[in-house]
Amino acid sequence: MRLPAHLYVHVPLCRSKCAYCDFYSLPLSSATEGTTAVANSLAAQALAWLDRDVAPRPLRSVYIGGGTPSVLGADLARLVEVLTSSFPLEPDVEVTIEANPESLDRNLVEALARAGVTRVSLGAQSLDDTVLAFLERPHDAAAVRAAARAVHEAGLALSLDLICGIPGQTAQSWIDTVNGAINLGPEHVSVYPLSIEAGTPLAAAVAIGDVQEPDPDVAADMMLLAQHVLGQAGLERYEVANYARRGAESRHNTAYWTGMPYLGVGPGAHGMLDVETAAAVGFVSARTPGVARLRYAVACDLSAGLTPMPRVDTESLSRVEAAREDVMLGLRLVRGVHEEDIVAAGVASVIDGLAEDGLVELVDHRWRTTERGWLLGNEVFGAVWAGE
Amino acid sequence: MTDPTLIRNFSIIAHIDHGKSTLADRMLELTNTIADRDMMEQVLDSMDIERERGITIKAQAVRVYFEASDSQTYQLNLIDTPGHVDFTYEVSRSLAACEGVLLVVDATQGVEAQTVANAQLAMNAHLEIVPLINKIDLPAADPERVRHEIEEGLAIPADEAVLTSGKTGLGVREALEAVVKHVPHPVGDPDAPLKALIFDSYFDAYRGVVALIRIVDGHVRKGMKVRMLATQTVTDVEEVGVRRPANLPVDELGVGEVGYLITGLKDPSLVKVGDTVTLAKHGTEDPLPGYREVKPMVYTGLFPIDGDQYPELRDALDKLQLNDPALIYDPESSHALGFGFRVGFLGLLHMEVVKERLEREFDLDLLATAPSVEYHIFRTNGTSEFIHSPQDMPDPGTIDHIEEPYLKVTVLVPPDYVGPVMELAEGHRASFKDMQYLSKTTVEMHYEMPLSELIMDYFDQLKSRTKGYASMDYEYIGYRTSELVKLDVLLATKIVDALSFIVHKDKAYARGKVLTEKLREIIPRQMFEVPIQAAIGGRIIARETVKAKRKDVLAKCYGGDITRKRKLLEKQKKGKKRMKNVGNIEVPQEAFMAILKVDE
Ligand SMILES: Nc1nc2c(ncn2[C@@H]2O[C@H](COP(=O)(O)OP(=O)(O)O)[C@@H](O)[C@H]2O)c(=O)[nH]1
Ligand code: SF4
Ligand SMILES: [Mg+2]
């Protein structure tokens, strides 16, 4: 038994909060601790895993997400350095940091590259200043272009995040954003429809009628459009929301969809362990029968200060649940799930029902999500998870 | 046994919210009936649903001892009653146990519709009416105006009306003094055989049926053999007692007293409210005048969302009926909804209350279809029948004509709002009869209108169009011929029987159109397009479409938070479970009630 080969670190800070965001992060202005202290505690939490009674496995991927890791500035580079020098690594380890244009300049990119970063996931979201202002992003389109250039010049792989289905976003704005993104030469692009999350300023604006709720049909058209345009530019979909040049698929994200264990570090971060490892580190008692997989969330928040070994909230999955979860996640991937795995997970009849609705299809013994299925992903994933 | 001249039996009656239950609280306090530490607001409203909604649904009897200014201690049996029109029958039952009433009128609201209706009940029962003007602590209180309204509008002398505040307790002692002074004491023959009226009952899981009784003649004590006159059931008396307000056993109840009687009988149909209890041998054969059986006015289908809960629903209805004789039900089945019951209610509030009690007290998940009234169908072949579900409507070709129940509706409203009331009436097939000024500030208007229109959101609209000032009461006046048609609703070209309703011919088009529009908003987008049509006898009169759902993907999955993704999926799934599958279409529960909210 070994520690997972994938590590996620959550940086719970942002320059300011965007109107639609409900992820755990604090704006810099209200964080009680400085960036150095935060980076130090995150490093300490990560390194604490090496003090547990389980041998590490060389890491295949490290992903520093958030929040906005790049707001840590030079402290982010130091954090990466600590991680890459303390954990054993696979020779071709993928090290991604998430960054926002307003906090990523040439100096930082170069420092990150030196520290071992291989890939930058840039929160562009749009290349239309009106849309960016509506979302209350702390940057404009020019900043996106500048940051993307800096990433290229440092020789790092670039991924761009884009959002569609935004109130007030026109079809033209979206086309321009997708084309503009392609021109920035990314190896990888993620496309998400905007969702109105409870408790956000945007949800409040929708509730009082100041903002119109996004039209799901418009969002669907925009997602289809992105798929075609990106595909023609050589960025092929490999997951419901992710596109990449061949070979540039995110190794870290793929681990999520393929049932690989991963460590989660930092406030609110999530991790997944096989039951043996979970038992060895005391997240589940060794004698709990019927548990096959353990998911956990780190239960601490920034304002309370970070301890090296914080409490975790755990969720145990039985063998049946883990199998269903694998199918649910596997259907997010274009390569789909082998028909034997479907049968083994006991969801064959569910899949038949989905096939009748034209949501999945069998190609070369693998069940794959159809075009309609991509857009109606929740129908597919929900049915598989529920097993009915 | 208490000397009957020292007993007073009275009900507290009023329009809803005029402060009956709060006054009852003060009376319990003043007479030290409830220890301070057990006191809570509206203590007699013991059902959860009463406490939450702040309304009284069940009448509650309680005995208190009051030392009056003549230094005598009186036994007062007071009954707090509901004020809503749906529960008028609870009031009339309570009145049958009393010699008088305290008529409470809110000093800021004045006389309202149920003030009039309940005062009339008391007059018809020949009870002494003691008027009382409440809430005089409020700055807007206008006791002079209200006194005037009571005298002019109700023809009840009010110059001696007691002024009270249930909030501060002011005048509560005077109110009880007035009861002692004006309400006649009960009169009966202590030596005659037992003769007692069952004016209410409820079911206790351990003790069986508990009857609330008022002794007219004779007495009753534990161990006696008694007989229920209507059912001729003979049984032993297990316990008699009084409510303070918890049950307190006593040795004996004598002439004029109010209390409870436990016989151990478990079958509520043997202990009928309104029946007379007498001795098993040598008792009276002469029943007390019961009161007219309550007749349900509106009917609705109640279906378990989970079809497996049908037996539980039957069981729950059986149990609830014990303490709600106004509830009647028959099995009903629907292609769309499966097995359920057609349930009759006194009105819409009663329906809501029963549905909520069934769901809460029996842990059921229920779907209610739109209420309908009982129609009288006359066939061309000379036969006739009553139907209370649109599903039972026969082929129009075989119908000669249809009659529907009509009401006399009384609306009390300030003169400024007469216009809006008239306009609303026009939209509801109501014909204006007359109107009179009760005072400068209150007009009483009379209409005749079909009950089926009244249940079409009439009351809510009346309230909103009059800024809440109007109050309403109604009474049934008989059946009248109307040109009615059955309107069917088709989802994906199939008739959904549970959505059919009966409507006046002239309104069919408008209602069909608004209803299909409403349904389009209510029914969520499905995996396929769902046409919604309204039809009369196979002819389509309105059509809308719920477009197929195209997009349903969750936003970004941050940091591998798979758990959250799954939770969201589970939540979505749960939402769907709460809907009813009609064919393969997921229909939210509110769709079946949509017809009530078609505000043309
Ligand atoms: N200010 C004031 N409020 C009162 C008085 N009596 C009752 N209320 C309030 O009026 C509302 C209705 O009272 P309740 O006793 O439930 O009325 P019921 O429907 O007639 O039983 C409640 O919010 C009471 O707190 C009073 O004398 N003064
Ligand atoms: S930068 Fe990202 S994590 Fe921070 S508030 Fe905006 S959307 Fe949320
Ligand atoms: Mg009350």
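Worth a mention:
- Rounded if a/c under 1.5, otherwise prolate or oblate - segment B:195-279, Cα gyration tensor axes: rounded
- With the whole protein complex present, A:H152 retains an accessible surface near 70 Å², based on a 1.4 Å probe.
- Against chain B, whose longest principal axis is taken from its Cα atoms, helix B:113-124 shows a tilt of about 50°.
- Tilt relative to chain B, helix B:143-154 - C-alpha long axis, 0 to 90 degrees, to 10: 80
- Quotient of Cα Rg and 2.2 N^0.38 Å for the protein assembly as shown, N being how many residues it contains: 1.21
- Where Rh is the Kirkwood radius over Cα pairs, Rg/Rh for segment B:298-368: 0.92
- Simple label model, 7 Å out from Cα along Cβ direction - A:T170 to B:Y206, nm: 7.6
- Put simply, the C-alpha atoms of chain B give a gyration tensor, and the ellipsoid matching it has half-axes of 46, 29, 26 Å, longest first.
- Net charge of neighbours whose Cβ lies under 14 Å from the Cβ of B:A492, counting Lys and Arg as +1 and Asp and Glu as -1: +1
- Of the DSSP H helices in chain A, those with a Cα length along their own long axis of 20 Å or more and a mean Kyte-Doolittle hydropathy reaching -0.5 comprise A:216-232.
- All other residues whose Cβ lies under 10 angstrom from that of A:G123 are scored, Lys and Arg at +1 and Asp and Glu at -1, for a net of -2.
- Excluding same-chain neighbours fewer than eight residues apart, the lysines reachable from B:K513 by a Cα-Cα span under 24 Å are B:K486, B:K494, B:K505, B:K547, B:K549, B:K580, B:K597.
- Chain B: angle of helix B:172-182 to the longest principal axis, Cα-based, in degrees nearest 10: 70
- Taking a ≥ b ≥ c as the square roots of the eigenvalues of the alpha carbon gyration tensor, segment B:4-182 is rounded, as a/c is under 1.5.
- The distance from the alpha carbon centre of segment A:172-197 to that of segment A:75-138 is 18 Å, rounded to a whole number.
- Cα gyration tensor shape for segment B:456-502, rounded if a/c is under 1.5, else prolate or oblate: oblate
- Looking at segment B:35-88, the GluC sites (Glu not before Pro) that sit in a DSSP loop and have at most 14 other Cβ atoms within 10 Å of their own Cβ are B:E41.
- Longest site-free stretch - chain B; sites: trypsin sites (Lys or Arg not before Pro), DSSP loop, at most 10 other Cβ within 10 Å: B:293-600
- Calculated on the Cα set of segment B:376-482, radius of gyration then Dmax: 16.7, 55 Å.
- For segment A:6-255, the spread of Cα coordinates along the three principal axes comes to 52, 42, 34 Å, biggest extent given first.
- Taking chymotrypsin sites (Phe, Trp or Tyr not before Pro) as exposed when their DSSP state is a loop state and no more than 15 other Cβ atoms lie within 10 Å, the longest site-free interval of chain B runs over B:207-527.
The values are calculated or read from the model by the stated rules, or taken from the named source; none is laboratory data. Since the structure is predicted, the reported quantities are computational estimates derived from the model, not experimental observations. Note that we place each Cβ from the backbone using ideal geometry, even for glycine, and neighbour counts take in every protein chain shown. Heads up: the accessible areas ignore ligands, DNA and RNA and are worked out on the full protein's heavy atoms, side chains in. Shrake-Rupley method; radii C 1.70, N 1.55, O 1.52, S 1.80 Å.
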